[in-house]
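What follows is a single structure, written as structure tokens, with notes after it.
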Ligand code: XMP
């Protein structure tokens, strides 16, 4: 906006990450004279605009066109949970400045998505990979509600899933969504084979993404449906879209999400992404609207690449089994102690290349380190590490070290997002 209206946009001299105090100018007419250091450099707001808030780094933290246009601009992020009253700011803008009525609700959204799905069908089928996570389960329930058995869901067992996940998910979905049949495709061998020796995170993600596509193709061909007759369902959410999309400049690719980006031309399948505009908390609300049980809807998210991005180093059956076992103990204890529902996402991470010396009984051990991660968040764009009681940590650590072969040390991750991310890769 500044650029288009005749201002000058350039990188600040000092960068601003994390916490900053936003100071509102009481007398806007005073403009930049009351407090903020003059911004070094040549950044300029367009004619007709005034600064309405500043931080110690910039005098233009928020600007307003005071003439007639009712244009506002901010340099901070009112949409993230770390901004106090950020949602109120957006709400005030949308309701009071823009003049919207605020009538959007989940029931209507759900109906609208059902209409869209039906309108795109044209006698075709929808195929979709279900991971067992909240997103794909909600997407599957939505499409099943829209088109019944024209929806053909399948689950790819990548060998990088939670412990016994394929079996559990199949049982759960088929019992909660009457009429749904979930086909499970065992691709564990392909994944372990192609990931052998690969340690670079983006490379792993790309391989996992490619193998997923190949598994899609295989699952679809086993269904006997020509690609031209199929639409592909993906449970892409809005944060995935933001973090994976590099438009002409401002946002750089942080991680390559394997569930965004489309399919190779040979598959010729149109993708439908009914959750593309939703944040996680909204997906959960939609799941409730669709009648999914609380245990499904409140499940912590699980990333598409699965344990692949939680094994920091080479992936093989042994490291995957080790990690899924540790993770299972961790989650079981969190559920038992009532912490699971207070946490946005919890999981274990394995450092297969790091070995530490320990002692068990009379023996020296030289084994892997397991990291426990737990964060609180509502939008998954920002997150705080969870303040876990020591007795709970002690019990989990004790159980993992005693029960999981190959792990002799457990650490707790105390990093927030940003600057860390939730996953380790
Ligand atoms: P990060 O690590 O970016 O994670 O802070 C934010 C949320 O996204 C999940 N995540 C993924 N989900 N495919 C997914 O479906 C992916 O490639 C992927 N990478 C991260 C992560 O688990 C967290 O909930």
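Converting the Cα gyration tensor eigenvalues of the range 106-297 into ellipsoid dimensions via √(5λ) gives semi-axes, longest first, of 24, 20, 18 Å.
Among rounded, prolate and oblate, which fits the range 172-218 when a ≥ b ≥ c are the square roots of the eigenvalues of its C-alpha gyration tensor, a/c under 1.5 means rounded, and a/b larger than b/c means prolate?
It is prolate, given that a/c is not under 1.5 and a/b is the larger ratio.
DSSP assigns beta bridges within the chain; of those with both partners inside it, close to 55 percent run antiparallel. On the basis of the beta-carbon distance and an R0 of 41 Å, residue 276 and residue 193 show a calculated FRET efficiency of 0.80.
Using just the helices of the chain, give the 222 nm mean residue ellipticity in deg cm²/dmol: DSSP H runs with n ≥ 4 each add -39,500 (n - 2.57), and the total is spread over all residues, rounded to 500. Provide the component values of the computation, followed by the final result.
On the way: 11 runs with 135 residues, N = 425.
Calculated mean residue ellipticity at 222 nm is -10000 deg cm²/dmol.
Once the chain from residue 399 to residue 203 is taken as fully extended at 0.36 nm per residue, the excess over their C-alpha distance is 67.2 nm.
Distance between the 7 Å Cα→Cβ label points at residue 391 and residue 318: 3.9 nm. Of 96, 170, 183, the sequence from fewest to most neighbouring Cβ atoms within 10 angstrom is 96, 183, 170. Taking one quarter of the surface of the convex hull spanned by the alpha-carbon atoms of the range 310-412 gives a direction-averaged projected area of 6.9 nm².
Report, as a whole number in µm² per second, the diffusion coefficient that Stokes-Einstein gives for the range 115-160 at 10 °C and 1.306 mPa s using the Kirkwood radius over alpha carbon pairs. Rounded to a whole number, D works out at 142 µm²/s.
Report the Rg/Rh value for the range 77-147, based on alpha-carbon coordinates and the Kirkwood definition of Rh. Each step should come with its number before you reach the end.
On the way: Rg = 17.2 Å, Rh = 15.1 Å.
Answer for the range 77-147: 1.14.
Rounded, prolate or oblate for the chain? Axes are the square roots of the Cα gyration tensor eigenvalues, ordered a ≥ b ≥ c, and the cut-off for rounded is a/c under 1.5. Cα axes put the chain in the oblate bin. Using a cutoff of 8 angstrom between alpha carbon atoms and counting only pairs six or more residues apart, the relative contact order for the range 271-393 works out to 21 percent. Computing FRET efficiency as 1/(1 + (r/R0)^6) for residue 174 and residue 242, where r is the C-beta to C-beta distance and R0 is 41 Å, gives about 0.75.
Ordering 100, 411, 230 from the fewest to the most neighbouring beta carbons within 10 Å gives 100, 411, 230. A Förster radius of 25 Å, combined with the Cβ-Cβ distance separating residue 87 from residue 9, puts the computed FRET efficiency at roughly 0.40.
Taking other C-beta atoms within 10 Å as the exposure proxy, 331, 311 rank 331, 311 from fewest upward.
Label positions at residue 95 and residue 42, each projected 7 Å from the Cα along the C-beta direction, are separated by 4.4 nm.
Compared with the direct C-alpha span, the chain from residue 362 to residue 149 gains 70.7 nm at full extension, assuming 0.36 nm per residue. Counting only DSSP beta bridges whose two residues both lie in the range 310-412, roughly 70 percent are antiparallel.
Per-residue counts of other Cβ atoms within 10 Å, averaged by peptide: what ranking do you get for 60-69, 138-147, highest first?
Values: 60-69: 17.8, 138-147: 23.6.
Sorting 60-69, 138-147 by mean packing, highest first, produces 138-147, 60-69.
A crude spin-label estimate for the pair residue 105 and residue 21, with each label 7 Å from Cα along the Cβ direction, gives 4.2 nm.
Every read-out reported here was derived from the displayed coordinates using simple, explicitly stated rules and does not represent laboratory data. Just so you know, these numbers come straight off a predicted model, no measurement behind them. So basically every Cβ, Gly included, is an ideal-geometry build from the backbone, and we count neighbours across all protein chains shown.
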